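Shown next, in structure tokens, is the structure this report addresses.
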Amino acid sequence: MSGPWFEASGLHKQFGSMVAISEADLTLRAGEVRGVVGPNGAGKSTLMQLVAGSLTPEHGEMRIDGAPVAFRRPADAIAAGIALVPQEMRLAPNLSVADNVVLGNEPRRYGWVSARRSRQLAERALDRLGARLDPDAAVTSLSPVDRRLVMVARALARDARLVILDEPTAALAPQEAGAILDAVRAIAGTGVTFLYVSHRFDDIEQVADAVTGVRDARVVADLPKDKINRATLVSLVSPVDELSHAVPPRPAAAAVAGSTVLAVDDLTGGPLQGVSFRVASGEIVGIAGLSGSGADEVMAMVAGIDPRTGGVVSVREKILPSGDRVRAVRAGVAYVPGNRTLAVLPNHDVRSNVSISNLPAYGKWGVPAPQRETATVLELTAAVQLEGALSRPISSLSGGNQQKAVFARWMARDCAALLLHDPTAGVDVRARAEIHQRVRELAATGMAVLVVTTDLPELIELCDRVLVLDRGALVASLPGDGLTESAVLAAMVSAPLDAAPLPAPLEVAPSSAPLGSAPLNDQNGRRS
Ligand SMILES: Nc1ncnc2c1ncn2[C@@H]1O[C@H](COP(=O)(O)OP(=O)(O)OP(=O)(O)O)[C@@H](O)[C@H]1O
């Protein structure tokens, strides 16, 4: 690693009277991977957007190789060798892998886009990442991790010296995240600098050479490599006196004795090949699986978002029609999607975004009772540590805070089954602990909770039982007590990953079964 080539000092940005980042300094060396860590709403994304030219600072300066630079738009930053890879996927679905890599930067010959040179450019960028992808493949055919690699390749195809990655692994399983981390380390070895924003401390510990801590709109820490560990990272997000609160232990054995609330029998559709399981009142059941395992599809079909081609889903013995979200809500199925852009009402304030799930409760005989609504929403937002005025437009909240609002929405309603899809993606460690605590409390009131998450520690902290899906089939049901990440991982890839002893799988489902003829699972997911 050589001396600093990028320096920012005194960067300040505010939205109206709200200061998002103030007096921020940042110094980067060639080939450095700098983690960026801090609580939700701290100002991390704002700082990244200033460096990437998506926002312009009120004051402060940036220098590249000692010379002052000022970016008025992202194109200025790109021309200076800085590219931002945002958290949300920005790929053109109708274009190939190669076309997506060169999108907006197509090499031209005599003014015309050169298909040959575009392809070469894309292949070179993908090669540098070690991504073995067919440049002609449709980008829609790729797994989430490969799509993410295409987005990183796009930055490399622009000869970026600094690549800013915003939560690049937020919705990826650990092995898949590993592909991103390996690529980042390999590219950093060639002299490219990375700013790596993440709430996943495992990633930061593995990949970062140094960490910038952001808190309350200020840069509050600059940790060298030998100071990067779980305790220092947690303390950047949560004050030291809250450390124990931030990482709560899983209760020894959750009291799971209720009757079946959610029954899924022989579910088919998409990759699913006859998946059956039960979730009892008071139980928290997790589903783990790699991309393409079918975990996402189970969630979408049970929630009534996607239609199923076969099988039965019932809640409290009431069969839900296929692909009917309204009927599912009426039957008491709450759903918090992993992709918050599917859940927020962007043109509405925080209050409406939270109260919408339960509007009839805030009025009597059709007359609204705004005070009751406000009181309830204040209680719910406090429970997920979402601070600030309820009248703020939700789109002005940081990503993690939007996620908290969506979660609070479903706490307002008395539901039978709560479906959580990556419930704490982009949420800081402190609020994550609060959300886990709320989930446990909701389960204790008798709800059946189903959690699909790529975050293995979350499954282990939260769940009484973890079902593992592989290529559309249920391959294991692992009891929560004593469960380890390596045991879940091993079941996900159908092979032991290390020497850690595996709990014996309780259930091994056949890869397929004729419609309507599959045996039912008992309460613990065992087949009878
Ligand atoms: N366009 C905007 N209008 C008004 N306020 C904004 C806007 N963008 C960000 N903010 C506010 O600036 C503050 C910093 O937000 P920012 O997105 O930078 O936080 P963050 O650290 O990236 O959070 P997260 O980890 O949740 O993504 C927050 O209070 C947010 O509500």
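Rule-based calculations on the coordinates, nothing more; no lab input. Being a predicted model, the structure only gives us computed values, none of them experimental. Because the Cβ atoms are built from the backbone with ideal geometry, glycine has one as well, and the counts that use them run over all protein chains shown.
Here the chain is scanned for chymotrypsin sites (Phe, Trp or Tyr not before Pro) in DSSP loops (not H, G, I, E, B) that have at most 12 other Cβ atoms within 10 Å, and the longest stretch holding none of them is 111-364. If both residues of a DSSP beta bridge must be in the stretch 4-246, then about 60% of such bridges are antiparallel.
Between Lys225 and Arg63, the modelled label-to-label distance comes to 2.6 nm, taking each label 7 Å out from Cα in the direction of the beta carbon.
Near Gln87, the amide H atoms lying under 5 Å from its own belong to Asp166; only residues 5 or more places off or on other chains count, and H is placed 1.01 Å from N.
Between Arg124 and Asp25, the FRET efficiency from the beta-carbon distance, with R0 = 30 Å, is close to 0.30. For the stretch 340-414, compute Rg over Rh where Rg is the Cα radius of gyration and Rh is the Kirkwood radius from the inverse mean 1/r over Cα pairs. Reported Rg/Rh (Cα atoms, Kirkwood Rh): 0.95.
Set the Förster radius R0 to 30 Å, insert the Cβ-Cβ distance between Arg372 and Met89 as r into 1/(1 + (r/R0)^6), and round the FRET efficiency to 0.05. Calculated transfer efficiency: 0.15. Using θ = phi - 60° in the Karplus curve 6.51 cos²θ - 1.76 cosθ + 1.60, the 3J(HN,Hα) couplings for the stretch 398-404 round to 5, x, x, 6, 5, 4, 5 Hz; x is entered for Gly and Pro. Spin-label model, Lys318/Ser259: points 7 Å from Cα along the beta carbon direction are separated by 1.5 nm.
Calculation over all alpha carbon pairs of the chain in 20 angstrom steps from 0 returns a P(r) of 21, 53, 25, 1 percent.
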